[in-house]
1. Checking an interface number: how much accessible area is buried between A and B, summed over both chains, with a 1.4 Å probe, in Å² rounded to 100?
2. Calculated FRET efficiency, A:Asn31 and A:Ile224, Cβ-Cβ r, R0 22 Å, to nearest 0.05?
3. Using a Gaussian network for chain B with springs between C-alpha atoms less than 10 Å apart, which of these wobbles most: B:Leu263, B:Leu181, B:Leu223?
4. Report ³J(HN,Hα) in whole Hz for each residue of the range B:113-126, in order, from the Karplus equation J = 6.51 cos²θ - 1.76 cosθ + 1.60 where θ = phi - 60°; Gly and Pro get x.
5. Starting from the range A:117-215, pick out the GluC sites (Glu not before Pro) whose DSSP state is loop and whose Cβ has at most 10 other Cβ atoms within 10 Å.
6. List the residues of the range B:187-210 whose accessible area drops by at least 50 Å² when all protein chains are present, compared with their chain alone, using a 1.4 Å probe and counting only protein heavy atoms.
7. Where the convex hull is taken over the Cα atoms of the range B:201-322, what is its projected area averaged over directions, in nm²?
8. Sticking with the crude label model, points 7 Å out along Cα→Cβ, report the distance from B:Lys215 to B:Ser190 in nm, one decimal please.
Amino acid sequence: MSFKVLVPIKRVVDYAVKIRVKGDKSGVETNGVKMSMNPFDEIAVEEAIRLKEKGIATEVVAVSMGPKTCQETIRGSIAMGADKGIHVDGGTTDLQPLAVAKLLKKLVDKEKPNLVILGKQAIDDDSNQTGQMLAGLLNWPQATFASKVDIDKSSPNSVKVTREIDGGLETLSMKLPAIITCDLRLNEPRYAKLQNIMKSKKAELQVLTPQELGVDTNTNLKTISVEEPPKRTGGVKVDSIDAVITSLKKFALI
Amino acid sequence: SKTLVIAEHDGGKLLSGTLNTITAASKIGGEISVLVAGSKCNSIVESLCKVKGVKSVYTVDHPTLEHSLAETITPIIVQLQQKESLSHILSSASNFGKNFVPRVAGILDVSAISEITSVKDSETFTRPIYAGNAIATVKSSDKCKVGTVRTTAFEKAPVEGGSAQVVNCNDWAVPLVEKSLQETQVKWDSSEVKKSERPELTSARVVISGGRGMKSGENFKLLEELADTLGGAVGASRAAVDSGFVSNDLQVGQTGKIVAPELYIAVGISGAIQHLAGMKDSKVIVAINKDPEAPIFQVADVGYVSDLFKAVPELNEAIKKAK
């Protein structure tokens, strides 16, 4: 029996880069900046591969949307163990979560996955929206902020997910197909082996455009400006508990 | 404009983030209503009716809503939007709100605006991006603006002076909930929720957080004692949670909880960007760390370079004396 997992991944500014706001306030500088797979999406790729290793999933399809450079990120997921890659070439248009969710819905209609698993948020726009929006568009059940995913090999029609909620953890069961978004503690992504990285460079990717998928990627949300936050400057270093107490008193905290 | 705020509660009591969200709604102007979906939530409805500025409290009170699920609350909100021609829908940017707000937006075919930190006008909002290292101003021309509110950026609306009308929606809403449960087959199995006598982390006046330097979960007792002296809550860095010292619900940071207390004491925390994203709006930051080069000192108002195992008990005793 086939069991397909679709894993949407985003190419973002590497988590270790100290970002710089552009002088004209139009956005954050991404030219000449190190880019990587969104860390939460890496966790999603890892989880999908583990489902395959457990004999539950039979095919892992990675998809990324954006400019041509996204293909590098897709190849990164193939080097980790994904079977197939799809690139939706959005050119230089900024694809917002709503547009991405609509494009993903079209891909779901085509690919008919049993599960869509993705990161809970991208570390660039910090939106935390795409998975939930896609679940809404498909009227599928959703398990966001997952820290454990359990599928019984003998009845792979449902999933049990432990998710991180405000007060702790909760466990939900739902039928498949479903949407799962990954939190940090779900797993630790593997490093791709060099030989797999070399092989992934030759992998053939399917390339589609939003037009071919019949999706209008315009949205009604415009970014007016992007600015630096007010700077917080450190105060003083003190060398005794008495001095800490004096400061707390000065701030009227005790 | 007509703004709907989705109340966040734990079944027994209203969670305070709802009150901050109502203040954000008041900045938009126009009518404010609140939706309470749950099971046996009379007392929550009663307190919301007293909040100044709230015109109506819609209620859906049914056993199927005992546990908060995106699949059950979403169809209620979507239907209310259509019935009442809502111009705005807001919830707090906790895991509660983040779970269903984008689902609602997707179905309404509108964008969602995450973590609103200020309301410029009814269409224009600011929100942090890149872990708070940049602030974006965004403008929405959607028929209905849907978003989550960063609660630390807004004051709590006072629970007094209001006299909202209660509108029971069970008639039309319960069938929608049952239909969605049927279609999605979602079932709540269990939860592990830590009960604490200390204040809620996201609204506490004082937060004491520990990092990798705490070395073990056991050692968090030192922070709990200090928290109790100051009437505060205990938090943790991602490193401390990932090392298994404490549970995930204590995590402060970009992917954990965002806090902005009057006093934040960072103990044995180096100060990674993603941690700073969760606490740098605190009014006063005190850092205790034995590494004088730790980045936390760059944002701390008061930095004390010391061994935390000696400093924290001493500080606790000194505060008790000074009080």
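1. Result for this pair: about 6600 Å² buried.
2. After rounding, the FRET efficiency stands at 0.55.
3. Between B:Leu263, B:Leu181, B:Leu223, it is B:Leu181 that shows the largest mean-square fluctuation.
4. In residue order, the calculated couplings are 10, 8, 6, 4, 10, 7, 10, 7, 7, 5, 10, 10, 9, 10 Hz.
5. Listed in order of number, the matching sites are A:Glu204.
6. For the range B:187-210, once contacts with the other chains are taken into account, B:Asp189, B:Glu192 lose 50 Å² or more.
7. Spelled out: convex hull of the Cα atoms, projected over all directions, averaged, 6.2 nm².
8. 3.4
The values are calculated or read from the model by the stated rules, or taken from the named source; none is laboratory data. It should be emphasised that the depicted structure is a prediction, and the values quoted were computed from it without experimental measurement. Reconstructed Cβ throughout: ideal geometry from the backbone, glycine too, with neighbour counts over all protein chains shown. We work out accessible area using only protein heavy atoms, side chains counted, and drop any ligands, DNA or RNA first. Shrake-Rupley method; radii C 1.70, N 1.55, O 1.52, S 1.80 Å.
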